[in-house]
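The values are calculated or read from the model by the stated rules, or taken from the named source; none is laboratory data. Given the structure is predicted, the values throughout are model-derived calculations rather than measurements. Don't worry about glycine lacking a Cβ; one is built from the backbone with ideal geometry, like all the others, and counts go over all protein chains shown.
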Amino acid sequence: MVGIDQVLEKLSTVIDPDLKKDIVSMGMIKDLELNDGNLKFTLELTTPACPFNVEIEDDVRKAIGELTELKNFDMNVTAKVMEGRSLDADTGMASVKNIIGVASGKGGVGKSTVSLNLALALQQTGAKVGLLDADIYGPSIPLMLGMKDGFMEVEDNKLQPAESNGLKVVSFGFFAEQAHQAAIYRGPIISGILKQFLVDTNWSDLDYLIVDLPPGTGDIPLTLAQTIPITGILVVTTPQDVASNVAVKAIGMFEKLNVPIIGVVENMSHFICPNCDERHYIFGDGGAKKISEQFNMPFLGEIPLNSGIMSGSDVGKPIMITKPDSPSADAFRIAAKNIAAQCSILAAKLQEEMESEGSNEESAPEASTN
């Protein structure tokens with residue numbers, strides 16, 4: 001009769017394509033029970049947005065199927081997002097597993113639209129997602145979500161995020177007095193507002209917090225990088241050289257601050273003719289891929305140019321909500337899954353580093369005292 005060791009040996013042949021490790025050593029097999037040839041366990045994926053979840057599940061079933069002595073097999077598939085940042089070092093936001101800053105070198109690349117739809121795509125996989133509109137000078141997320149009358153309450157000295165389409169949302173645009181006024185603040189005040197939105201907000205338990213940063217390399221991106229441990233930065237650009245060349249400066253800033261770069265997404269990548277389905281590269285071709293190759297970072301997706309994306313943002317109806325089966329929504333969904341995968345990879349590296357540091361501390365000789 002087959003034993004537990006044989007089951008685990010078979011399961012250890014299944015490799016997570018992103019993490020490059022077997023699912024047993026990664027602790028993805030939970031609650032394993034084997035009684036009289038009846039096998040039961042839970043496969044716990046590293047994120048509900050795993051791009052290879054179907055592939056991993058199929059590989060598991062195939063591996064178990066090779067154990068011909070089993071009578072029955074019951075597998076439950078769940079997901080638990082890995083912590084892609086050091087929560088021990090962040091007492092203010094210890095309930096947020098991953099913080100992803102969305103940056104661009106310049107304005108006009110559709111960064112806020114990308115941030116919003118990626119957040120919605122992650123939420124639709126079953127993840128718990130928050131969206132922080134960190135552009136204090138020009139907050140646009142409330143408009144894009146149709147939340148012109150949205151507001152945030154304060155309870156127990158904590159800001160309570162507004163909610164929309166399953167997202168927890170915080171934005172300076174919710175403050176009514178700013179509706180028709182330009183935000184004129186110096187850097188220290190701006191940094192203080194962002195810190196309050198980060199650590200003085202009840203984000204509760206989030207798998208991912210998407211932070212829509214203002215363009216450029218100013219106070220807000222710097223404050224984010226220096227205030228809390230973050231998982232990494234997602235860079236948004238458009239294909240033309242003007243945008244990609246400026247995006248390189250943002251990448252350089254975060255590299256100097258030792259903040260990981262999750263990867264790059266190309267917005268307005270191409271236009272698909274509705275009559276002939278032919279792709280037209282209106283703003284050039286390959287800008288984001290050049291950045292990816294230059295900095296050896298993942299190219300995570302390309303979002304087509306689509307009037308529905310733009311008009312939906314203007315009237316508070318994101319395309320992930322209004323047209324979830326469209327090619328544009330599919331593009332956001334692919335990018336979101338790739339981003340989630342990169343977060344899992346960074347989390348696995350962080351886990352290895354922490355385990356290595358722990359073992360080094362245990363093996364270090366004690367200092368002798370004479």
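Among the residues of the range 190-200, is there at least one that is of a type in the set (A, V, I, L, M), assigned to a strand (DSSP E or B) and modelled with pLDDT of 90 or more? For the range 190-200, residues of a type in the set (A, V, I, L, M), assigned to a strand (DSSP E or B) and modelled with pLDDT of 90 or more: absent. Going residue by residue through the range 190-212, is there one that turns out to be β-branched (V, I, T), more than 16 Å from the chain's Cα centre (by Cα), surrounded by 16 or more Cβ atoms within 10 Å (Cβ to Cβ) and within 20 Å of A329 (Cα to Cα)? No; the residues of the range 190-212 include none that is β-branched (V, I, T), more than 16 Å from the chain's Cα centre (by Cα), surrounded by 16 or more Cβ atoms within 10 Å (Cβ to Cβ) and within 20 Å of A329 (Cα to Cα).
Among the residues of the range 82-104, those identified as outside any loop (DSSP other than H, G, I, E, B) and more than 19 Å from the chain's Cα centre (by Cα) are D88, A89. Pairs meeting the criteria (first residue in the range 142-154 and under 16 Å from S112 (Cα atoms), second residue in a strand (DSSP E or B) and charged (D, E, K, R), beta carbons under 8 Å, at least 6 apart or on different chains) are P142/D133.
Taken across the range 90-113, residues that are among the aliphatic types (A, V, I, L, M) and without any contact (Cβ under 8 Å) to a residue 12 or more places away in the chain do occur, with at least one present. The test for being β-branched (V, I, T) and surrounded by fewer than 21 Cβ atoms within 10 Å (Cβ to Cβ) holds for T125. Counting residues in the range 24-46 that are among the aromatic types (F, W, Y), under 30 Å from S244 (Cα atoms) and not assigned by TED's automatic domain parsing to the domain that holds L305 gives zero. The set of residues from the range 229-250 being surrounded by fewer than 22 Cβ atoms within 10 Å (Cβ to Cβ) and of a type in the set (A, V, I, L, M, F, W, C) comprises V242, V246, V248.
Checking each residue in the range 26-54 for being exposed (fewer than 14 other Cβ atoms within 10 Å of the Cβ) and not aliphatic (A, V, I, L, M) picks out G27, K30, D31, E33, N35, D36, G37, N38.
For V2, indicate whether it is in a loop (DSSP other than H, G, I, E, B) and closer than 16 Å to M82 by Cα. Taking the combined requirement at face value, the residue does not satisfy it. Taking the condition crowded, with 20+ Cβ neighbours inside 10 Å and not aromatic (F, W, Y), does T91 pass? Answer is no for this residue.
Among the residues making up the range 289-319, those that are under 20 Å from V264 (Cα atoms) and of a type in the set (A, V, I, L, M, F, W, C) are I291, F295, M297, F299, L300, I303, L305, I309. Tally up the residues in the range 62-81 that are closer than 30 Å to A127 by Cβ and surrounded by 13 or more Cβ atoms within 10 Å (Cβ to Cβ), please. Of the residues in the range 62-81, 8 are closer than 30 Å to A127 by Cβ and surrounded by 13 or more Cβ atoms within 10 Å (Cβ to Cβ).
A count restricted to the range 17-54 and to residues that are among the acidic types (D, E), at pLDDT 95 or above and within 26 Å of the chain's Cα centre (by Cα) stands at 2.
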